[in-house]
1. Looking at Lys17, Lys100 in this structure, which one is of a type in the set (Lys, Arg) and either within 27 Å of Val227 (Cβ to Cβ) or in contact with a His (Cβ under 8 Å, 6 or more places away or on another chain) (or both)?
2. If you take just the strands (runs of 3 or more DSSP E) that sit entirely in segment 141-238, which of them hold at least 3 residues that are modelled with pLDDT under 95 and touching an Asp or Glu at 6+ places or on another chain (Cβ under 9 Å)?
3. Got a number for residues in segment 317-332 being out of contact with any Leu (no Cβ under 8 Å at 6 or more places or on another chain), of a type outside the set (A, V, I, L, M) and crowded, with 16+ Cβ neighbours inside 10 Å?
4. Given the condition in a helix (DSSP H, G or I), open to solvent by 90 Å² or more (accessible area, probe 1.4 Å) and touching a helix residue (DSSP H, G or I) at 6+ places or on another chain (Cβ under 9 Å), answer yes or no: does some residue in segment 113-136 qualify?
5. I'd like to verify a number: residues in segment 142-160 that are surrounded by fewer than 16 Cβ atoms within 10 Å (Cβ to Cβ) and closer than 24 Å to Asn312 by Cα, how many?
6. For residues that are open to solvent by 60 Å² or more (accessible area, probe 1.4 Å) and touching an Asp or Glu at 6+ places or on another chain (Cβ under 8 Å), tally how many sit in segment 1-16.
7. Step by step: first the residues of segment 28-85, then only those that are in contact with a strand residue (DSSP E or B) (Cβ under 7 Å, 6 or more places away or on another chain) and small (Gly, Ala, Ser), then the one that is nearest to Gln209 (Cα to Cα). Which residue is that?
8. Mind checking which helices (runs of 4 or more DSSP H) fall wholly inside segment 251-321 and carry at least 2 residues that are touching a Lys or Arg at 6+ places or on another chain (Cβ under 9 Å) and acidic (Asp, Glu)?
Amino acid sequence: MFERDVYHHYQLYCEGKRNISGYRYFVSGGEPYLVVPQKKITIDRIEEIVYFSDYLRYKGETGIAGLFPTMTNMPNANIEGESILLFKIEQSERDASEKKPMGEELALFHRNGKDLPPPPVPTESYLFGSWAVLWMNRVDQAKEWYQEVFSKPVKNEFDTLFLTTFPYFEGLSENAIQYIIDYNLEDSMREEEGPSIVHERFQENSWLQFDNDYVKLPTGWVLDHPVRDMAEWIRSCVYQRNFSPDIVTTFLDEYEKVTPLKREGWRLLYGRLLFPVWYFDMIENHYKNEREIGKELSQHKFTEYLLMEEQNEAFLRSFFPMIGLPADRLQIPVVDWLIPN
């Protein structure tokens with residue numbers, strides 16, 4: 001069925017079919033391809049990510065997975081009853097010794113993603129300078145759910161966890177929002193860093209490891225400040241059981257080999273780390289999902305992250321001393337309740 005549908009839409013024979021990082025992968029005529037579920041990716045959004053991809057290739061970026069159209073030049077196809085996007089993986093010409101560390105590669109990606117001319121279609125992906133407003137909207141939505149769940153006569157385990165933890169995360173969020181508002185009033189005009197092509201949620205597995213290079217899927221790209229990616233990558237590490245601060249310092253050192261951060265950048269990075277993005281992601285995914293499928297798994301993941309929050313708080317408290325940055329001398333504000341005793 002899979003092979004038949006792929007041949008019908010793309011005239012490709014599937015060989016070596018397997019899974020890579022949760023995506024279906026196959027080879028045809030010696031060329032590797034990746035199947036990505038379309039889900040909520042609109043046609044306008046597809047045009048936008050193709051535009052981003054073309055620009056990055058023009059700037060010399062390697063490893064970008066290119067959207068492969070159907071025989072009728074459509075961007076998507078129905079494979080086994082699911083709408084998908086097919087991406088062709090660029091064959092790497094690097095050898096193992098040329099592969100750069102993650103932080104260095106990310107900094108080069110951001111450098112290539114700057115100065116993008118306005119996209120030809122209206123975009124909702126421009127998020128630069130709008131964190132505080134977006135975060136306030138997310139908190140307001142969570143407050144509404146809190147009242148609804150509080151009023152429910154019967155509550156499940158996820159509901160109970162949400163009701164118990166929301167006051168803490170609401171307070172943490174308000175701290176982060178005020179921190180960014182203060183930044184916008186005090187430092188944003190001095191910030192020389194403009195928007196770049198970045199990822200909505202950049203994590204360790206956002207780039208697929210393939211042969212001697214990274215494979216960069218464009219489906220989650222947006223336009224924002226480069227520290228967005230840095231903060232989300234760091235956050236994804238902090239919430240792992242085997243987390244070591246050395247991972248963060250090494251990553252930051254790698255990044256700064258290419259692009260050193262200025263005071264304003266460090267302040268913005270810290271502000272984003274303060275906001276519990278993961279908490280609102282999980283709350284929204286749970287309460288917007290009208291189907292029961294997957295809710296038990298989301299509850300398990302939610303519990304795991306809540307158990308790791310003490311580790312995250314300790315990390316935030318020690319962040320500037322850990323990376324050897326004198327926040328007081330550089331006049332980078334630190335949230336009062338996180339100042340080490």
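1. On the way: Lys17 fails: either within 27 Å of Val227 (Cβ to Cβ) or in contact with a His (Cβ under 8 Å, 6 or more places away or on another chain) (or both).
Residue meeting the stated conditions: Lys100.
2. On the way: elements: 196-199, 207-210, 213-216, 221-224.
In segment 141-238, 213-216 are the strands (runs of 3 or more DSSP E) which contain 3 or more residues that are modelled with pLDDT under 95 and touching an Asp or Glu at 6+ places or on another chain (Cβ under 9 Å).
3. Total satisfying the criteria: 1.
4. Taking segment 113-136 as the starting set, the residues that turn out to be in a helix (DSSP H, G or I) are 131-136.
Within this subset, residues satisfying the condition of being open to solvent by 90 Å² or more (accessible area, probe 1.4 Å) are none.
Checked segment 113-136: no residue is in a helix (DSSP H, G or I), open to solvent by 90 Å² or more (accessible area, probe 1.4 Å) and touching a helix residue (DSSP H, G or I) at 6+ places or on another chain (Cβ under 9 Å).
5. The initial filter retains those residues of segment 142-160 that are surrounded by fewer than 16 Cβ atoms within 10 Å (Cβ to Cβ), namely 143-144, 147-148, 150-157, 160.
Add one more test, that the residue is closer than 24 Å to Asn312 by Cα, and what stays is 143, 157, 160.
Total meeting the criteria: 3.
6. First, the residues of segment 1-16 that are open to solvent by 60 Å² or more (accessible area, probe 1.4 Å): 1, 3-4, 7-8, 11, 13, 15.
Now narrow it down to the ones that are touching an Asp or Glu at 6+ places or on another chain (Cβ under 8 Å): 1, 13.
So the count comes out to 2.
7. Among those that are in contact with a strand residue (DSSP E or B) (Cβ under 7 Å, 6 or more places away or on another chain) and small (Gly, Ala, Ser), it is Gly63.
8. Values: elements: 263-274, 277-288, 295-307.
Once the helices (runs of 4 or more DSSP H) in segment 251-321 are filtered for at least 2 residues that are touching a Lys or Arg at 6+ places or on another chain (Cβ under 9 Å) and acidic (Asp, Glu), what remains is 277-288.
The values are calculated or read from the model by the stated rules, or taken from the named source; none is laboratory data. Source: prediction; values computed, not measured. Don't worry about glycine lacking a Cβ; one is built from the backbone with ideal geometry, like all the others, and counts go over all protein chains shown. All accessible areas refer to the heavy atoms of the entire protein, side chains included, with ligands and DNA or RNA removed. Shrake-Rupley method; radii C 1.70, N 1.55, O 1.52, S 1.80 Å.
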